[in-house]
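Below you'll find the structure, written out as structure tokens, and then a few comments.
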Amino acid sequence: MKRSKIAGIGYYVPENVVTNDDLSKVMETSDEWIQERTGIQQRRYGRKHEETTTTMGAQAARIACERAGISPEDIDFIVFATLSPDYYFPGCGVLLQRELGITKREAGALDIRNQCSGFIYALSIADQFVKTGMYKNVLVVGAEMHSMGLDFSTRGRNVTVIFGDGAGAAIIQPTDDSEQGILTTKLHSDGTYAEKLAFINPGAHGGYHANKAGETYDFGFPPKDTYGEIFITQKMMDDGQYYPNMEGQFVFKLAVQKFPEVIHEALKDAGLQASDISMLIPHQANLRISQFVQKQLGLSDDKVWNNIQRFGNTTAASVPIALCEAWEAGKIKKGDLVCLAAFGSGFTWGSALIRW
Ligand code: ACO
């Protein structure tokens, strides 16, 4: 069986820089608090009503195609990872296909909803399609427009200060070089604590179905004159229940356990050790989490790429943005062992080992 490789990568972040001081003008927070707890100094926000998750994904995809030496028309399949899609449905995969102007070919498109580990899941799916010979050019995208769905009041400060907008993309192709390519991917999940880091409303879960007065009902349809409120009710709006929620310390404890675990699993599978890693690209969840993982693996500073300071946490986009930045900076060279790892909502987590 052939291996697959990353043939081209690209990323895009919006121009608009939002500093911690900017946020402290609209909510009770401070540069000191944010930097100390997360390492974040600034993040980017897209231009509202102009840029979307899809348009940012398309910008990154065009660069990835160019670097892979292909035209967007050559794409056989699209895998798009995001938690902040343009629409509830259809997904961003088909919107991206349209944005790239490649609908004529009618190539398949798949959306992945695995949050912070979305890109690694997407990469693993692309890897399977390419290895088996089904497709030759798979476009993998991770993109987020978080700034459209955050609570900018003090109520939402624990979540809002962490996230930023951006996109990353990669073209996955087969390779004949037995020394190169994706060596292994490892994917995991545990839904036990799904609500610990979640964006619950609007959704089709029963618990919050209510009429305008906030009264719940038992039937499969709402009382007369209340249609349209099945997914989101006035009460939810009033209570601010339509924003992401996170139990930060709970997430932190699991993240620092699962990151090293899934990296060691991949290394073992490939017959390698932590000391063989040339560059670790951790999902940019929180600088303190990445530092903890680095220490656990015994890696020096030049073997871990961190950019959360400048971009915040961009969820599905964070791994491809960091990978692309490290590559552009000349820190990833042919023959290097690159390790990608992520943990996030679900909980879902995963890793990938790539011989560049
Ligand atoms: N500015 C100022 N004060 C704040 C802010 C803020 N932005 N957010 C919360 N606080 C306050 C809280 O209200 C609380 O005040 P209180 O003591 O008066 O009640 C105090 O700060 C401490 O709050 P905690 O939530 O306990 O703060 P903690 O030290 O746990 O830090 C953080 C929060 C940074 C989220 C931390 O828990 C963490 O890093 N968790 C990991 C989760 C993570 O990284 N998530 C990223 C997204 S998920 C992912 O990508 C895996």
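The values are calculated or read from the model by the stated rules, or taken from the named source; none is laboratory data. Source: prediction; values computed, not measured. We place every Cβ from the backbone using ideal geometry, glycine too, and count neighbours over all the protein chains shown. SASA here: full protein model, heavy atoms, side chains in, ligands and nucleic acids out. Shrake-Rupley method; radii C 1.70, N 1.55, O 1.52, S 1.80 Å.
A few comments on the model shown:
- Of the helices (runs of 4 or more DSSP H) entirely within region 1-114, those holding at least 3 residues that are more than 16 Å from the ligand (Cβ to nearest atom) occupy 53-68, 92-99.
- Tabulated pairs, region 309-329, first assigned by TED's automatic domain parsing to the domain that holds Thr160, second assigned to a helix (DSSP H, G or I) and within 13 Å of the ligand (Cβ to nearest atom), C-beta under 8 angstrom, 6+ apart or interchain: none
- Ala210 at pLDDT below 90 and surrounded by 18 or more Cβ atoms within 10 Å (Cβ to Cβ): yes
- Residue in region 100-114 that is surrounded by the fewest Cβ atoms within 10 Å (Cβ to Cβ), counting only those that are basic (Lys, Arg) and either within 13 Å of Asn137 (Cβ to Cβ) or out of contact with any strand residue (DSSP E or B) (no Cβ under 9 Å at 6 or more places or on another chain) (or both): Lys104
- Leading residue by the ranking (nearest to the ligand (Cβ to nearest atom)) among those in region 333-346 that are more than 13 Å from the chain's Cα centre (by Cα) and open to solvent by less than 10 Å² (accessible area, probe 1.4 Å): Cys339
Conditions (1) outside any loop (DSSP other than H, G, I, E, B); (2) among the β-branched types (Val, Ile, Thr), marked per residue:
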residue: Val251; (1), (2): yes, yes
residue: Phe259; (1), (2): yes, no
residue: Ala266; (1), (2): yes, no
residue: Leu272; (1), (2): no, no
residue: Gln284; (1), (2): no, no
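- Yes/no for Thr315 being touching an Asp or Glu at 6+ places or on another chain (Cβ under 9 Å), within 9 Å of the ligand (Cβ to nearest atom) and under 21 Å from Gly149 (Cβ atoms): yes
- Scanning region 306-319 for residues that are of a type in the set (A, V, I, L, M, F, W, C) and more than 16 Å from Gly166 (Cα to Cα) turns up nothing.
- Within region 286-304, the set of residues being assigned to a helix (DSSP H, G or I) and open to solvent by less than 70 Å² (accessible area, probe 1.4 Å) comprises Leu287, Ile289, Ser290, Val293, Gln294, Leu297, Lys303.
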